[in-house]
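Report on the structure given below.
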Amino acid sequence: MPKGNRKKAGGKSGGRGRGGDADEELHHSDTISITSSLDERSVCDGSVCGDQDVDESSQAEHFEEKVCMAMDGALDKSATTRTNSLLALCTAFSKEYVPEFVESRRMTLSDTVEKSLKKGKSVEVAAAADLAVLICLQLADVSGVELVYSELRHTLATLVADNAQPAAARAKCCLALGAICYLSNAEPTEVHANMSLLESLVFSSARQDGGAGPAAAAVSPPLATAALQAWTLMVTDVSHNALLKVAESQLPRLTALLESPDVELRIAAGEAIVALYELLWSLRQLATDSTKTRKKSDRKQQRCVFRDILHTFEDDEYPNDQVKFGREVLLIDTWSKKRLYDFLASVLRSGTNTHLKQNELVRAALGLGAPLVSAGSQVPRLSKLDRMYQLNEATKCRQQARGKYRDKRTAIFD
């Protein structure tokens, strides 16, 4: 009777359903486990462990295996598995700097991102856009970033311009397009084309010619904010003559955004204006804004940012922030550098200090120079055979040393 029950419970329809769920849960646990493996690596850092060099090499191999598993999961048929795998890759590349590993798999990663951007839904597209930026930040050679930009630029631009896509996914694509274009040192014509595309989102709800023209279709404030942040990032790298033309054409429209009901869009507009050196009087009014229709927290945040902007115009005082990491200090003394650092910190999150120490591309963008050489980085990585040999020798020596006092009675005379 019990056998019959077990056989009946495992029928064809029930077995297939459970098997699919089990496979999906297995993929999910494999991809998410990268985060735990990263935490285990961070715990061992700075601690005294036996055979430290061997242990670090083993952890590096374990990390790479987990990343390869996530890369395989990013091509799975299940949308949930693909999304979780992409998020796991984002976590891995934000916390660890592994340029050689990413460079050797650049084409595979870029192809994976492109496929997810084309056929994924909102969450998957957003994760793929974040991963595209992190791949570029991992590449030490600018030529590699240029290849990623040439491969993904058309897809990202298409998603940005597609009104049928969810606003959250389009916002991520805006940031990715702006960041990759900035990091790749793209041609001026492509930079202006990308800026024009983003301008169509930022100013889509604004009226032309001071209100005489028709209003375009409205864009959600988070999408407009992301487009403006990406636009500001690219405008900091245009030539002087081009910057003057952009300021002349866009400053009035940016000034109009200062009256937006969304606090994030107002702040993004203020940061864009200070990069272009906008009108002082409009900023003075916003710096002392006390409109009761706005939340107290929004007014406080807005006043704080615009006071700093006003100090730049009135007293020629620029940001003077310091970011300490390891033995170095990053001095943020311009608004352009502040905008770049804020963007990198939003992408890298808890791994920002790691990339500031090791990532040559990030250090070059922020003017930090070549990475400092530490004593631990000079130790060459051993092969698996050499590590096994060292472990066996260490075990043998330890057993011989302890064997002298095992099962042997020694007489002690006074």
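The values are calculated or read from the model by the stated rules, or taken from the named source; none is laboratory data. No experiment lies behind these values; they were computed from the predicted model shown. Cβ sites come from the backbone with ideal geometry, for glycine too, and all protein chains shown count toward neighbours.
Going through D72, D76 one at a time, which residue ends up being in the same structural domain as D162 (by TED's automatic domain parsing), part of a helix (DSSP H, G or I) and not aromatic (F, W, Y)? Don't jump to the end; show me each part of the working.
Details: D76 fails: part of a helix (DSSP H, G or I).
Going through D72, D76 in turn, just one is in the same structural domain as D162 (by TED's automatic domain parsing), part of a helix (DSSP H, G or I) and not aromatic (F, W, Y): D72.
Report yes if S57 is closer than 22 Å to N359 by Cβ and over 21 Å from the mean Cα position of the chain (by Cα), otherwise no. Taking the combined requirement at face value, the residue satisfies it.
Screening the candidates V362, V373 for the property of being among the β-branched types (V, I, T), outside the structural domain of D237 (by TED's automatic domain parsing) and more than 23 Å from Q229 (Cα to Cα) yields one hit, V373. In the range 103-120, the qualifying residues are those that are touching a residue at least 40 places away in the same chain (Cβ under 8 Å) and of a type in the set (G, A, S), and the one that is surrounded by the fewest Cβ atoms within 10 Å (Cβ to Cβ) is G120. When E100 is tested against (1) acidic (D, E); (2) closer than 22 Å to S346 by Cα; (3) without any contact (Cβ under 8 Å) to a residue 12 or more places away in the chain, just one condition goes unmet, and that condition is (2). Only residues that are surrounded by 15 or more Cβ atoms within 10 Å (Cβ to Cβ), polar (S, T, N, Q), in contact (Cβ under 8 Å) with a residue 60 or more places away in the chain and part of a helix (DSSP H, G or I): list them for the range 327-365, please. Residues satisfying the conditions are S336, T354, Q358. Does A375 meet the test of being modelled with pLDDT of 85 or more, surrounded by fewer than 16 Cβ atoms within 10 Å (Cβ to Cβ) and over 19 Å from V235 (Cβ atoms)? So A375 fails the test.
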